Protein chains: 2
Amino acid sequence: MPKHSMSRRRFLQSTGAAAIWLPSSVKAYTSSEMQALYADGVMQQDVSKWELDTPALCVDLDALEANIATMQTTMSRNGIASRPHAKTHKCPTIARMQIDQGSIGICTAKVSEAEAMFQHGIDQILMTTSNVTSTKIRRAMTLRQVCDGFVQATDSPSNARLLSEAAAALGIDADLVVDLDPGGHRTGITPGQAALALAQLVDQLPALKLKGLLCYDGGSQHVVGFQQRKDQTLGRLIAASDTYDLLQQSGLNTEIFSGGGTGTYNIDHETRGLTDVQVGSYVFMDAQYLGIGGESNTEVYSDFQTSLTILTTVLNDQYAGRATTDAGAKACTINRPWAIIKGESGMSYSSGSDEFGTIRYDADPSRTYKVGDKLELIVSHCDPVVNLYDQMYAIRHDKVEAIWQIAARGMSA
Amino acid sequence: MPKHSMSRRRFLQSTGAAAIWLPSSVKAYTSSEMQALYADGVMQQDVSKWELDTPALCVDLDALEANIATMQTTMSRNGIASRPHAKTHKCPTIARMQIDQGSIGICTAKVSEAEAMFQHGIDQILMTTSNVTSTKIRRAMTLRQVCDGFVQATDSPSNARLLSEAAAALGIDADLVVDLDPGGHRTGITPGQAALALAQLVDQLPALKLKGLLCYDGGSQHVVGFQQRKDQTLGRLIAASDTYDLLQQSGLNTEIFSGGGTGTYNIDHETRGLTDVQVGSYVFMDAQYLGIGGESNTEVYSDFQTSLTILTTVLNDQYAGRATTDAGAKACTINRPWAIIKGESGMSYSSGSDEFGTIRYDADPSRTYKVGDKLELIVSHCDPVVNLYDQMYAIRHDKVEAIWQIAARGMSA
């Protein structure tokens, strides 16, 4: 046995231990130490978020809860429902909170996400992407076998036939929605007669049950300016509403007509027939959404609060006009606009380096940083940022209240 | 107990099982099925890479081995060593291959990477980033306690004093290199008298051992054109070489003078005193490096082969001039240039959508794709792509030979 094996065993034992050396009275906790302090769903000791090892992904509970409440209030007022997209948070705990507050289920983009959500107790799942390979169809049908609330999308007659064959072979009925293209030509079938024919096929094929339609207008979510966004998305959705009418006139089931997102959540109810919005980012918000402007606030999209942040530490302060942190592209992505330093002004952040972030000071920064200082970043684009982390710290009044597993992290298959 | 709990248990049992339904004779394997087929380090049955569920990260073994051999041949000819950066692959198996073929150890960017590598048997580790917080210093010193080959970087006198205090408290000696700024002002101390003073301090402080210098010129690695790259990096490293001289003249230890990367691997030996290159991307290559041009091939940097690819599946082929795949930003990142479709021409790929990739056909594409077709992508920028996956499939002649854990995936702390 090589020399390092004994040492390695000793190391493995030691890394979970409490702090054995501290240069000051500051407490500080690694992620494994935090896991050890979080027993039976309760933090066993007070830990400030500022004591966390960095980079660390944090979600502010007051802000998150307020966002979920705001969404539910708006949905109730507008007479539609929310079916939040779990591709954003990939976190069963948040999915449960959304459903408990009135959401009618969740969406997932990938079958692996749907499996992970079901394994963690979420059983109302609309998978918004078509499954086209034998592997994916098998996974989806295996999930449907045990999850009555699993609904799949399809966007072509040949795919519908494969799904029918697969469901029949398993002796189950699979619930399907027809995915309509809003004009971006990314996924979905063309609205109108082609979509009607597909809906009729799904309705007729053995072992399939038509549940309705899906039309996600991703291209309109980040249009800057509320009125411009409203005009674009309502215009794009006309063809989908017309298809909804065609299905209704043909006596087909339209109990689901799902679409919309965080950028259009208070617009989508004006689309005739729409039953629910697939809102994702509203739980967290991010720099991309802040910039689009809202109905009441034309400068900043302030309908929801920025609950998701990354904590980072300054590593180098030796050079004029800048500082270097430990949160680069692998902690923040390289989405634009860059992350925003929370609560400060006169400085900008970039994460163009894989391992390092850069703070650049303008002429009149609200503060400067020293080595070891921690700062908090409003994330650039929440979905791919969350996908970089295995867990997020749930924070209330700057204290860690819980540690949530991002159970579907990395599940792109 | 809620209704879905029984179902969930049944589901958990069923998802690991072999295929229960296939629409054709095509075999197809999910990642968990592949893990089950890979026992005792040997694939128990032949699986083609084209049978893998997608997105899947693959490394071609012939190409990987050739890259490691090319690097070693060049290092031997030039009289320096390689100390490959594990931030690129985050994979202990590849680190072991590099060391077995002549590399003198590995580098890591983060202490969590160093811990993961040591836990998997790699015991010659140069951590190239300074540890500045009590948490990180404690982690680094705990690792040093059991890993004789762990060397840390420092770039300020105050940090060196903290490291000395920490090492003394643990009763160990910590090996240090002084990190020099090559001019990018990201990390490191200014070369010259400031660096000499820091080296002298490290040499004098209790519980620290000076091992030498580190100067990573990241800003020169992707300069387009071999001669331009050579001129820039050799010019930038002059101050580091002068600092090396100052240390030597002062009788200080310079056994390590580490720097350079994949873009300058065959240039760095001309920097006086340099002992080893921190090459990372050469094992995989990517679209970013292909574009910089090499010494012999001015158009394409062809010194190394493109071993790392992403397999993806076409989800939608209904719209003219394009097709949609299942590998978007969460599978490919949004680094530029975009991923390249391997072996094809007359088409481009983009991964600007979080969940979907887009193929766009030019006027004369080498082929077009149908729904369900798989294709292979040369990655855009290997480091952050690898960081999205838990495992990579090691492929030889299109067959899966092994499954390698990306043990330091997500380790940005």
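Looking only at the stretch B:128-148, decide whether some residue is more than 15 Å from B:I189 (Cβ to Cβ), part of a strand (DSSP E or B) and touching a residue at least 12 places away in the same chain (Cβ under 8 Å). No - not one qualifying residue is present in the stretch B:128-148.
For the condition surrounded by fewer than 22 Cβ atoms within 10 Å (Cβ to Cβ), modelled with pLDDT of 95 or more and within 13 Å of chain B (Cβ to nearest Cβ), A:A174 does not qualify.
Only residues that are among the hydroxyl-bearing types (S, T, Y) and either in a strand (DSSP E or B) or more than 13 Å from chain A (Cβ to nearest Cβ) (or both): list them for the stretch B:378-413, please.
Initial filter on the stretch B:378-413 (among the hydroxyl-bearing types (S, T, Y)): B:380, B:389, B:393, B:412.
The answer is B:Y393, and nothing else.
Can you say whether B:R83 is modelled with pLDDT of 95 or more, more than 29 Å from B:G328 (Cβ to Cβ) and facing chain A (nearest Cβ under 9 Å), as far as the supplied structure shows? Spell out how you get there, then give the answer.
Working: modelled with pLDDT of 95 or more: yes; more than 29 Å from B:G328 (Cβ to Cβ): yes; facing chain A (nearest Cβ under 9 Å): no.
For B:R83, the condition - modelled with pLDDT of 95 or more, more than 29 Å from B:G328 (Cβ to Cβ) and facing chain A (nearest Cβ under 9 Å) - is not met.
Does B:T187 fit the bill of being in contact (Cβ under 8 Å) with a residue 24 or more places away in the chain, assigned to a loop (DSSP other than H, G, I, E, B) and of a type in the set (S, T, N, Q)? When the stated conditions are applied, B:T187 passes them. Scanning the stretch B:185-203 turns up one or more residues that are within 13 Å of chain A (Cβ to nearest Cβ), buried (at least 24 other Cβ atoms within 10 Å of the Cβ) and within 25 Å of B:T88 (Cβ to Cβ).
Just checking, does the stretch B:335-350 include any residue being within 10 Å of another protein chain (Cβ to nearest Cβ) and in contact with a Gly (Cβ under 9 Å, 6 or more places away or on another chain)? Checked against the condition, which is being within 10 Å of another protein chain (Cβ to nearest Cβ) and in contact with a Gly (Cβ under 9 Å, 6 or more places away or on another chain), the stretch B:335-350 yields no hits at all.
In the stretch B:40-79, of all residues being acidic (D, E) and surrounded by fewer than 17 Cβ atoms within 10 Å (Cβ to Cβ), the one that is nearest to A:A413 (Cα to Cα) corresponds to B:D46.
Show me the strands (runs of 3 or more DSSP E) found entirely inside the stretch B:243-327 where at least 1 residues are more than 30 Å from B:D175 (Cα to Cα) and modelled with pLDDT under 95. Before the answer, list the steps.
Working: elements: B:256-259, B:308-316, B:322-325.
Fully inside the stretch B:243-327 and qualifying: nothing.
Checked against (1) in contact (Cβ under 8 Å) with a residue 40 or more places away in the chain; (2) acidic (D, E); (3) surrounded by fewer than 24 Cβ atoms within 10 Å (Cβ to Cβ), B:D354 passes all but condition (1). Can you tell me which residue in the stretch B:359-398 is nearest to A:T187 (Cα to Cα), limited to those that are crowded, with 21+ Cβ neighbours inside 10 Å and of a type in the set (V, I, T)? So the residue we want is B:I359. Residues in the stretch A:355-377 that are over 25 Å from A:A28 (Cα atoms) and within 14 Å of chain B (Cβ to nearest Cβ): A:R360, A:Y361. Within the stretch A:204-227, the set of residues being more than 21 Å from A:D276 (Cβ to Cβ) and within 13 Å of chain B (Cβ to nearest Cβ) comprises A:A207 only.
So is B:T73 within 14 Å of chain A (Cβ to nearest Cβ) and at pLDDT 95 or above or not?
Details: within 14 Å of chain A (Cβ to nearest Cβ): no; at pLDDT 95 or above: yes.
Spelling it out, it is not the case that B:T73 is within 14 Å of chain A (Cβ to nearest Cβ) and at pLDDT 95 or above.
With respect to A:A153, determine if the residue is under 19 Å from A:K209 (Cβ atoms) and either more than 9 Å from chain B (Cβ to nearest Cβ) or of a type in the set (K, R) (or both). For A:A153, the condition - under 19 Å from A:K209 (Cβ atoms) and either more than 9 Å from chain B (Cβ to nearest Cβ) or of a type in the set (K, R) (or both) - is met.
Of all residues in the stretch A:106-126, those satisfying the criterion of being surrounded by 24 or more Cβ atoms within 10 Å (Cβ to Cβ), without any contact (Cβ under 8 Å) to a residue 60 or more places away in the chain and more than 9 Å from chain B (Cβ to nearest Cβ) are A:I106, A:A114, A:I125.
The values are calculated or read from the model by the stated rules, or taken from the named source; none is laboratory data. Because the structure is a prediction, the values reported are computed rather than measured. A quick note on method: Cβ atoms are made from the backbone with ideal geometry, for glycine too, and the neighbour counts reach across all protein chains shown.
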